[in-house]
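> Pasting a structure here, questions to come.
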């Protein structure tokens, strides 16, 4: 028997064993029951069944359920909270405060400036819209620590992002996950880019 | 056996192993577990729901005005700070939001949770392998 076949046998065995173990475990059934009752609010799980909240906490019922709130906001099939947060704020579904005591619009430093990052290998170029970000964030949240203000001065690559650095500090943690490649890689390359054989233009590790 | 089929079985092994071992957390995206001190002091871990707060406040409110550093584990938050009006206590003071004597609304996590960002759709990329 080859390695592959052994591998399959072993893995199937593991799968069976884990199923048997999970069936045999004496778990409280309560979260499962709650999950069933909340079927209509899929994909948001009730707090008591989300795997991190303690279902025995009597105060849990005083907290808002994510499904009750998120189901009223623009739906995002890509994941995250299954909410298009930027749209929710643009279209007036939500009006978050701009300082911790007020809704003062002057406290928001809007900047309508798109940054194109050209060295993205074979992927479409990255368009960074300042506008969508300044709705939520202040200049100082990103500049000058995370990103330098001068275009091209900051070295960014997917390795850093997937490790939770640079864009990955938020995207993959609180903002839409980086598995949505084309939301950032949204600026079409000219066809001539793909015809040229210029390695320096395709290597995203070179200085940008 | 055909080599291609062997490869397929090898892939099957990895795939089934991943399904068996890497069961993703089910928590709401961007929920933060804060457990540096809570459990050591006999309380449940704190669960901070980003989603609930971002509906009411822009990110910059907490991440500039309140001084929360945007990296899990970077903030040293104590109950003394909160009661004296720093960090969570800037709002959770009975004026903007409810008071910190509602212990179990925040200290609501399962025992034994590790501090950090949770969420079912967190990228399981190279940084998490």
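The values are calculated or read from the model by the stated rules, or taken from the named source; none is laboratory data. Note that the structure is a prediction, hence the values are computed from the model and not measured. Here the Cβ is made from the backbone with ideal geometry for all residues, glycine too, and neighbour counts use every protein chain on show.
> Here is a list: A:102, A:98. Which entry is facing another protein chain (nearest Cβ under 9 Å) and over 22 Å from residue A:165 (Cβ atoms)?
Residue meeting the stated conditions: A:98.
> Given the options B:77, B:82, name the one that is within 26 Å of residue A:164 (Cα to Cα), more than 7 Å from chain A (Cβ to nearest Cβ), buried (at least 16 other Cβ atoms within 10 Å of the Cβ) and touching a helix residue (DSSP H, G or I) at 6+ places or on another chain (Cβ under 7 Å).
B:77
> Condition first: without any contact (Cβ under 8 Å) to a residue 24 or more places away in the chain and either surrounded by fewer than 16 Cβ atoms within 10 Å (Cβ to Cβ) or farther than 17 Å from residue A:169 by Cβ (or both). Now tell me which residues in segment A:114-146 satisfy that.
A:114, A:129, A:131, A:140, A:143, A:144, A:145, A:146
> With (1) under 19 Å from residue A:59 (Cβ atoms); (2) crowded, with 18+ Cβ neighbours inside 10 Å as the list, and residue B:39 as the residue in question, which single condition is left unmet?
Of (1) under 19 Å from residue A:59 (Cβ atoms); (2) crowded, with 18+ Cβ neighbours inside 10 Å, only one is false for residue B:39: (2).
> Sort through A:111, A:73, A:60 and tell me the only one that's more than 20 Å from residue A:185 (Cα to Cα), surrounded by 18 or more Cβ atoms within 10 Å (Cβ to Cβ) and either modelled with pLDDT of 90 or more or more than 8 Å from chain B (Cβ to nearest Cβ) (or both).
Working: A:111 fails: surrounded by 18 or more Cβ atoms within 10 Å (Cβ to Cβ); A:60 fails: surrounded by 18 or more Cβ atoms within 10 Å (Cβ to Cβ).
Step by step, each of A:111, A:73, A:60 is checked, and only A:73 is more than 20 Å from residue A:185 (Cα to Cα), surrounded by 18 or more Cβ atoms within 10 Å (Cβ to Cβ) and either modelled with pLDDT of 90 or more or more than 8 Å from chain B (Cβ to nearest Cβ) (or both).
> Identify the single condition in (1) facing another protein chain (nearest Cβ under 10 Å); (2) surrounded by 13 or more Cβ atoms within 10 Å (Cβ to Cβ); (3) in contact with a helix residue (DSSP H, G or I) (Cβ under 7 Å, 6 or more places away or on another chain); (4) at pLDDT 55 or above that residue A:79 does not satisfy, given that it satisfies every other one.
(3)
> Restricting segment A:157-195 to residues that are touching a strand residue (DSSP E or B) at 6+ places or on another chain (Cβ under 7 Å) and in a loop (DSSP other than H, G, I, E, B), which is farthest from the other protein chains (Cβ to nearest Cβ)?
A:189
> Do you know which residues across segment B:103-129 are at the interface with chain A (Cβ under 7 Å from one of its Cβ atoms), surrounded by fewer than 16 Cβ atoms within 10 Å (Cβ to Cβ) and at pLDDT 50 or above?
B:104
> Touching a residue at least 24 places away in the same chain (Cβ under 8 Å) and within 28 Å of residue A:158 (Cβ to Cβ): which single residue out of A:79, A:67 fits that description?
Selected residue: A:79, the only one of A:79, A:67 that is touching a residue at least 24 places away in the same chain (Cβ under 8 Å) and within 28 Å of residue A:158 (Cβ to Cβ).
> Can you name the residue in segment A:88-106 that is surrounded by 16 or more Cβ atoms within 10 Å (Cβ to Cβ) and not in a loop (DSSP other than H, G, I, E, B) and, of all such residues, is farthest from the chain's Cα centre (by Cα)?
Top of the filtered list is A:97.
> Among (1) in contact with a strand residue (DSSP E or B) (Cβ under 8 Å, 6 or more places away or on another chain); (2) modelled with pLDDT of 85 or more, there is one condition residue B:72 misses while meeting the rest; what is its number?
Result: residue B:72 fails condition (2) only.
> Given the criterion within 23 Å of residue B:112 (Cα to Cα) and modelled with pLDDT of 85 or more, identify the matching residue among B:38, B:25.
Values: B:25 fails: modelled with pLDDT of 85 or more.
Only one candidate qualifies: B:38.
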